[in-house]
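Remarks on the structure that follows.
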């Protein structure tokens with residue numbers, strides 16, 4: 001079995017006292033990481049699915065990497081809509097591989113293939129994949145029939161909150177077609193929506209994970225936050241192609 005820890009939407013600033021919608025993101029992340037260190041340190045990968053920082057420059061990404069030093073050899077990152085590719089490349093260049101010109105990764109743990117996608121659209125809250133990344137992704141999926149997990153910031157499905165469903169993956173129909181075509185895609189793991197959600201997309205399960213910072217209200221037509229603790233997700237990947245994906249929240 002391989003174990004993945006996913007954290008998402010950390011929204012850190014170089015100023016540790018900076019707040020996001022009333023949440024001190026540094027303190028909130030510290031609580032999450034303390035719980036992970038105490039109970040889930042024996043993971044195989046730590047994957048951060050976007051919005052590492054909140055519209056900051058390269059120094060912020062070096063700060064994030066320093067904070068995540070305990071997972072240095074296990075760390076993988078992909079961008080969200082608040083991120084900067086150049087800053088991520090500068091701080092995490094050795095953790096990025098795959099499609100040129102964007103920030104992706106390809107990895108293997110046990111019998112599984114892990115693929116991290118870049119859905120960042122410069123200047124937009126919505127997300128998408130560019131043409132070369134589509135071609136690269138299809139090539140990767142054609143080259144291996146290993147059970148596969150896709151990691152991406154923007155969910156390719158609606159989560160039931162009208163306002164945020166307008167801000168997801170723009171090419172959700174082509175993405176669904178791709179999932180249907182490649183039956184070894186078992187799981188799609190996302191961030192962006194700051195809430196827990198799960199649904200099926202053909203043979204794959206799509207999940208979104210609570211932020212390590214502020215939480216958005218579930219099933220809300222308009223933007224609203226919710227008084228829930230921060231969280232993360234544990235993903236256990238078994239050699240027979242089955243898995244469990246569980247949200248853990250700080251108590």
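Of note:
- Test: residue in region 145-163 that is out of contact with any helix residue (DSSP H, G or I) (no Cβ under 7 Å at 6 or more places or on another chain), assigned to a helix (DSSP H, G or I) and crowded, with 17+ Cβ neighbours inside 10 Å: no
- For region 1-55, filtered to residues that are surrounded by 22 or more Cβ atoms within 10 Å (Cβ to Cβ) and part of a loop (DSSP other than H, G, I, E, B), the residue that is farthest from the chain's Cα centre (by Cα) is 11.
- Scanning region 114-144 for residues that are under 16 Å from residue 96 (Cα atoms), in a strand (DSSP E or B) and in contact (Cβ under 8 Å) with a residue 40 or more places away in the chain yields 114, 116, 120.
- Qualifying residue in region 170-191 (condition: under 26 Å from residue 36 (Cβ atoms), touching a strand residue (DSSP E or B) at 6+ places or on another chain (Cβ under 7 Å), outside any strand (DSSP E or B) and at pLDDT 95 or above): yes
- Yes/no for residue 194 being on the phi < 0 side of the Ramachandran plot, within 15 Å of the chain's Cα centre (by Cα) and not in a strand (DSSP E or B): no
- Identity of the residue in region 188-213, in contact with a helix residue (DSSP H, G or I) (Cβ under 8 Å, 6 or more places away or on another chain) and in contact (Cβ under 8 Å) with a residue 60 or more places away in the chain, that ends up surrounded by the most Cβ atoms within 10 Å (Cβ to Cβ): 192
The values are calculated or read from the model by the stated rules, or taken from the named source; none is laboratory data. In this text, all values refer to a predicted model and were calculated from it rather than measured experimentally. Positions of Cβ are backbone-derived with ideal geometry, glycine not excepted, and every protein chain shown enters the neighbour counts.
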